[in-house]
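Scroll down for the structure; my scribbles are underneath it.
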Amino acid sequence: RLKAVAFLLHRQPHLLKTQLYVTPLELVLSSCGVIENGEQRQNKALITKMNNLSISSPDYLHIVNDTFANSDCYCLPQPPKLLTIMDGEAITAKRTAAVSAISAKLFKPALSEVLCILGSGQQARSHYDVFTKLFKFKEVRVWSRNKEMAQRFVNDLQDPVTVCSSVKEAVIGADVIVTATGASQPILFGEWVKPGAHIAAVGACRPDWRELDDVLMREAVVYVDSREGATAESGDIILSGAEVFAELGEVINGSFPAQREKTTVFKSLGMGIQDAVSAKLVLEKWNSEY
Ligand SMILES: NC(=O)C1=CN([C@@H]2O[C@H](COP(=O)(O)OP(=O)(O)OC[C@H]3O[C@@H](n4cnc5c(N)ncnc54)[C@H](OP(=O)(O)O)[C@@H]3O)[C@@H](O)[C@H]2O)C=CC1
Ligand SMILES: O=C(O)C1=NCCCC1
């Protein structure tokens, strides 16, 4: 199913997020997708997700509504029927980590013993869950801006995880690094990164925000979920001038190689199709069980 989701990333048109700036809150209408079932246009659905996040507050406001509404986008013969409202926060956490896990599967070094997670919020947790479920690491490290948040993150887990006091301490020697922070300036510097490591860069989803420095962005082979999204939404790509090597879907369909032996960055931004496909899976499971 993860593979199917990733394959779809490349096959479907990508609708860029629409961002509405409403002071003091910034509303991001982050995704919108239409699912059709072949020529008959059965099971059509319109999916919207709204993210509401404040940049003036350290809190990322998770007021997220996902609607999965049955509508005919072409002629609207009758008013659309609301199929379901889903918890966008839960879906966003899982689908983002699932896509990063596909990137790790393709690009992480063959011998990957140390996982490092920068950040201790929702995305950090979902990435921890998926990465430690799918891959075996000898050591897992976490760093967070506030050390007590990192400690709280670790206290919630069954398995041992090392809390690090600095990004440098956390990333030195790491084979796989997840950056899932609200940073707007680089926190991860190329000079600290082990050659051949894989970085799943999840935060810094605005054109003027950074998590990774120029050295890392220019030296690594850069993969993205969507070229169009990356060149419009990612400060790490736009401001560093780094070249995008390939989309994840282009690697999965064989158009571009996975350069596993090199240092690789997967710059994740999130796509509507990821939400649409995930919401569809959830709805189908719900319908089959209840
Ligand atoms: N690529 C994608 O598809 C998606 C990306 N995102 C992005 O991922 C990032 C994390 O999201 P999420 O986990 O939901 O957010 P949370 O609010 O749950 O967690 C935010 C984390 O970022 C840290 N943080 C905040 N500001 C800074 C800063 N200036 N420098 C360093 N660390 C900082 C916080 O650390 P502490 O608590 O210690 O202060 C906390 O660990 C965000 O940038 C978000 O926009 C989110 C959803 C999808
Ligand atoms: O895809 C998403 O959902 C998001 N992407 C970037 C940051 C906010 C949410």
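Projecting the Cα positions of Gly270, Ser226, Ile252 onto the charge dipole of region 175-281 (unit charges on Cβ atoms of Lys, Arg, Asp and Glu, taken about the Cα centre) puts Ile252 furthest along the positive direction. Neighbours of Gly241 by Cβ distance under 14 Å: Lys/Arg scored +1, Asp/Glu scored -1, total -2.
Each label was represented as a point 7 Å from its Cα along the Cα-to-Cβ direction; for Ala232 and Leu111 these points are 4.4 nm apart. The distance separating the Cα centre of region 156-197 from that of region 232-252 comes to 21 Å. Each principal axis of the Cα cloud of region 97-181 was taken in turn, and the coordinate range along them, longest first, works out to 33, 23, 22 Å.
Under the definition of Cα pairs under 8 Å and six or more residues apart, what whole-number percent is the relative contact order of region 198-290?
Working: 139 pairs, mean separation 33.3, N = 93.
After rounding, I find 36 percent.
Students often get this wrong, so check it: of Lys147/Lys285; Lys133/Lys280; Lys194/Lys267; Lys17/Lys194; Lys49/Lys262; Lys49/Lys147, which have C-alpha atoms separated by over 27 Å? Checking Cα-Cα distances, Lys147/Lys285; Lys17/Lys194; Lys49/Lys262; Lys49/Lys147 exceed 27 Å. Note on surface exposure: Ser126, Ser255, Ser166 rank Ser255, Ser166, Ser126 by accessible area, highest first, 1.4 Å probe. The label point for Glu148 and the one for Lys133, both projected 7 Å from the Cα toward the Cβ, are 3.1 nm apart. Per-residue surface analysis assigns Arg125 an accessible area of about 80 Å², computed on protein heavy atoms at 1.4 Å probe radius.
Size of the dipole of region 90-274 about the Cα centre, Lys and Arg at +1 and Asp and Glu at -1 on the beta carbon, nothing else charged, in debye to 20? Before the final figure, lay out each step's value.
On the way: 21 positive and 22 negative charges, 96 e Å.
So the magnitude is around 460 debye.
Shown here for region 247-290: GluC sites (Glu not before Pro) in loop regions (DSSP other than H, G, I, E, B) with at most 12 other Cβ atoms within 10 Å, namely Glu261. Solvent-accessible surface (1.4 Å probe) assigned to Ile172 amounts to roughly 80 Å². Cut-off 12 Å, label point 7 angstrom out along Cα-to-Cβ of Ser255: give me the residues of region 223-244 whose amide nitrogen falls inside. Correct set: 226-228.
Could you tell me whether region 152-290 comes out rounded, prolate or oblate from its Cα gyration tensor? Rule is a ≥ b ≥ c as square roots of the eigenvalues, rounded for a/c under 1.5, then prolate if a/b exceeds b/c, otherwise oblate. Don't jump to the answer; show the numbers that get you there.
Values: a/c = 1.69, a/b = 1.18, b/c = 1.43.
The shape class here is oblate.
The values are calculated or read from the model by the stated rules, or taken from the named source; none is laboratory data. None of these values were measured; they are calculated from a predicted model. Cβ atoms come from the backbone with ideal geometry, glycine included; neighbour counts cover every protein chain shown. Heads up: the accessible areas ignore ligands, DNA and RNA and are worked out on the full protein's heavy atoms, side chains in. Shrake-Rupley method; radii C 1.70, N 1.55, O 1.52, S 1.80 Å.
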